[in-house]
C-alpha cells in the first residue's frame with residue numbers, strides 16, 4: 001500500500017461530501033494513519049462518526065485557525081499522540097457572504113481581511129507551527145479552484161483569495177524545499193460540497209463544466225482524493241510548487257467546442273447537458 005507507515009493531519013472536513021474527506025479516505029485506504037480536526041463543538045458532534053470511520057481514535061482535535069492558540073495546541077497534541085507526521089492537508093476557506101455576491105468593488109476591507117486570513121494566511125501559520133513535528137520528506141497539500149486564475153461569476157472575493165493561496169503554495173514550496181518538505185495544491189473542478197452551497201448559480205456552474213470539459217463530466221471527491229493521496233505520497237517525491245488540476249480537463253479550454261451538422265451549420269457543443 002502506497003501510504004503504509006505514513007501519518008498525517010487533515011484540516012477542513014465538514015462532512016462526507018467534503019473534498020478533504022475524499023483525500024482522507026484515499027490515504028486511509030492506502031495504509032495511512034489519519035488525524036482530523038473540527039472547528040467547534042457543533043462540528044465535533046457532526047464529525048465524530050467520520051473520525052470513527054477513519055479510525056482516528058484519540059487523534060481528533062479542535063482547531064479554529066482564526067485562533068492562533070488552537071493551532072499551537074494542535075501542534076502539542078500531535079507531538080504527544082503521534083510523534084512526527086508525514087503530511088498536512090489544508091482544506092480551509094471562508095469569505096463573508098457579502099464577498100460572494102454583488103459588485104466586486106463594494107467588498108469591505110473587513111470581509112477582505114477575513115477571507116485572506118482564513119483562506120490564505122492559515123496555511124502559512126499551520127505550516128510554521130507544525131513544522132517541528134513534520135518528518136523528513138513531508139508533504140503539504142492545499143485546495144484551490146480555477147476561480148483563482150480566471151473570472152468565475154459569483155466567486156468574487158474567494159477568487160482573489162485562491163489566487164493568493166496558489167502563490168503562497170509556490171513561495172512555501174521554495175522556502176521549505178531546502179528542508180525536504182514539498183508543498184502543492186489541487187485545483188478541483190466544481191463539486192457539491194458545503195462550501196459550494198454559498199456560491200450563486202452553482203448548479204449552472206456544474207452543468208457548464210460538464211458540458212465543456214474534455215471528459216464531459218464533473219469530477220468526484222474520490223477522483224480528487226486519489227490525486228491528493230498521490231501528492232501526499234512518495235510517488236510524487238519530485239513534485240513541489242505545483243497547482244494540479246483535477247477538473248476533467250476543463251482548465252485547458254479556451255472556448256466551447258463547436259459542432260457542425262450535415263448542412264454545415266455550426267452550433268456550440270452543449271452535449272445535451274444544459275437542456
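Taken together, the values in this text are just the output of simple stated rules run on the coordinates, not laboratory data. Only a predicted model underlies this, so the values are computations on that prediction, with no experimental measurement involved. Using ideal geometry, Cβ is built from the backbone for each residue, glycine included, and neighbour counts are taken over all protein chains shown.
Our analysis of the range 1-157 gives Rg over Rh at 0.99, with the two radii drawn from alpha carbon positions and Rh computed by the Kirkwood formula. Here the range 1-68 and the range 110-139 have alpha carbon centers that stand 17 Å from each other.
Quick one: grab the alpha carbon gyration tensor of the range 99-244, order the square roots of its eigenvalues as a ≥ b ≥ c, and give me rounded if a/c is under 1.5, else prolate or oblate depending on whether a/b is larger than b/c. Oblate, since a/c reaches 1.5 and b/c is not below a/b. Note on the chain: GNM, Cα springs under 10 Å; of 110, 242, 55, the largest mean-square fluctuation is that of 110. By other beta-carbon atoms within 10 Å, ranking 37, 240 with the fewest at the front produces 240, 37.
Site pair residue 45 and residue 239 shows an inter-label distance of 4.0 nm when each label is modelled 7 Å from Cα along Cα→Cβ. Extension gain for the segment residue 105 to residue 4, taken as residue separation times 0.36 nm less the Cα-Cα distance, is 31.5 nm to one decimal. Taking N as the residue count of the chain, its C-alpha radius of gyration divided by 2.2 N^0.38 Å amounts to 1.04. In terms of its C-alpha gyration tensor, the range 39-85 has an oblate overall shape, because the principal axis ratio a/c (a ≥ b ≥ c, square roots of the eigenvalues) is not below 1.5 and a/b does not outweigh b/c.
Going by alpha carbons, how many degrees (0 to 90, nearest 10) lie between the helix axis of 68-81 and the longest principal axis of the chain? For helix 68-81, the angle is close to 60 degrees. Extending 7 Å from the Cα toward the beta-carbon at both residue 124 and residue 150 defines two label points whose distance is 2.9 nm. With a simple spin-label model that places each label point 7 Å from the Cα along the Cα-to-Cβ direction, the separation between residue 251 and residue 97 comes to 3.2 nm. Highest mean packing comes first when the peptides 28-34, 85-91 are listed by Cβ atoms within 10 Å, giving 85-91, 28-34. Based on DSSP H segments of at least four residues, each scored -39500 (n - 2.57), the chain has a per-residue ellipticity at 222 nm of -11500 deg cm²/dmol.
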